[in-house]
1. Scan segment 112-147 residue by residue and report those that are surrounded by fewer than 23 Cβ atoms within 10 Å (Cβ to Cβ), within 17 Å of ALA178 (Cβ to Cβ) and either more than 16 Å from the ligand (Cβ to nearest atom) or touching a residue at least 60 places away in the same chain (Cβ under 8 Å) (or both).
2. Could you count how many residues in segment 69-81 are out of contact with any Leu (no Cβ under 7 Å at 6 or more places or on another chain), buried (at least 16 other Cβ atoms within 10 Å of the Cβ) and either on the phi > 0 side of the Ramachandran plot or in contact (Cβ under 8 Å) with a residue 24 or more places away in the chain (or both)?
3. Mind listing whichever residues of segment 152-182 are modelled with pLDDT of 95 or more and basic (Lys, Arg)?
4. So which of ALA48, ALA41 is out of contact with any Cys (no Cβ under 7 Å at 6 or more places or on another chain), within 19 Å of ALA101 (Cα to Cα) and of a type in the set (A, V, I, L, M)?
5. Among what's in segment 81-99 and is of a type in the set (A, V, I, L, M) and either modelled with pLDDT under 95 or within 15 Å of the chain's Cα centre (by Cα) (or both), pick the residue that is nearest to the ligand (Cβ to nearest atom).
6. In segment 148-166, what residues are free of Cβ contacts under 8 Å to residues at least 60 places away in the same chain and touching a Phe, Trp or Tyr at 6+ places or on another chain (Cβ under 9 Å)?
7. Where residues in segment 32-52 are over 10 Å from the mean Cα position of the chain (by Cα) and charged (D, E, K, R), which of them is farthest from ASP150 (Cα to Cα)?
8. Checking LEU22 against (1) touching a residue at least 60 places away in the same chain (Cβ under 8 Å); (2) closer than 21 Å to LEU134 by Cβ; (3) surrounded by fewer than 23 Cβ atoms within 10 Å (Cβ to Cβ), only one condition comes out false. Which one?
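The values are calculated or read from the model by the stated rules, or taken from the named source; none is laboratory data. Model, not experiment: these values are computed from the prediction. A quick note on method: Cβ atoms are made from the backbone with ideal geometry, for glycine too, and the neighbour counts reach across all protein chains shown.
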Amino acid sequence: MASVRQTDPGTRRHTTSVVYDLARSIRERDIITYEHCRRVAVYVNRLARHMGWSRRASRDLALAGLVHDLGKTWMQNALLHKESALSSDEREEMQRHPHIASCILRAYGAPEQLIEVVLHHHEAYDGHGYPDHLAGEDIPLGARLLTVADVFDAITSERPYKAALEVGDARARIAAGAGTHFDPAVVRAFLELLDANPEFRLPARVSPLPPRKAPHITWIRHDSFDH
Ligand SMILES: [Fe+2]
């Protein structure tokens, strides 16, 4: 499955509406997870465009980015807001979040391609990831892009338990993960993009989603992932 492609306009409208509503629910639950998802959506959109994906396919992938950590909203506060390293039991619980997100998205009628990308965003290229230990090209391509965007944002963001890496250090970390954590071809494209755009990294706070009352067609035309 190459990308999160949806061709039927009615399906795309429904998907956009559902994803935006679920993204708002993430914002209500946990602003840190929401802002992470917003930045990852922008990063993965830029990466897909750089890799030659169409505007439409890139934006569809960005929708997966916008809700990729939706499953974390079902974690208990003690786990979601924990300010120190997780125990192995806690890590195991937290690692259920892609599966939980896939269940929620399926219940709302999201397309399977989008669900697959969200479900597999923690797989690793050499098979050491989760939930299914997929490796190489068995991991949906969209998920391989999302993984790089996700990790870049995670390591360049400050958390109570860790400092943010500078872009140069983050670049080195991503480069070092090529072939083990990440698809080498995706890493190559990401580093090209990063090197060509000194302002690539987004500020911690990102612009809000369009208001709920806006007609759906406006949301689809409004390219909110390009900034
Ligand atoms: Fe995640």
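1. Those that are surrounded by fewer than 23 Cβ atoms within 10 Å (Cβ to Cβ), within 17 Å of ALA178 (Cβ to Cβ) and either more than 16 Å from the ligand (Cβ to nearest atom) or touching a residue at least 60 places away in the same chain (Cβ under 8 Å) (or both): ASP126, GLY127, ALA135, GLY136, GLU137, LEU141.
2. 4
3. ARG171, ARG173
4. After ruling out the rest, the residue left standing is ALA41.
5. Filtering segment 81-99 for residues that are of a type in the set (A, V, I, L, M) and either modelled with pLDDT under 95 or within 15 Å of the chain's Cα centre (by Cα) (or both), the one nearest to the ligand (Cβ to nearest atom) comes out as LEU86.
6. Across segment 148-166, the qualifying residue is only VAL151.
7. Across segment 32-52, the extreme among qualifying residues is ARG49.
8. All conditions pass for LEU22, except number (2).
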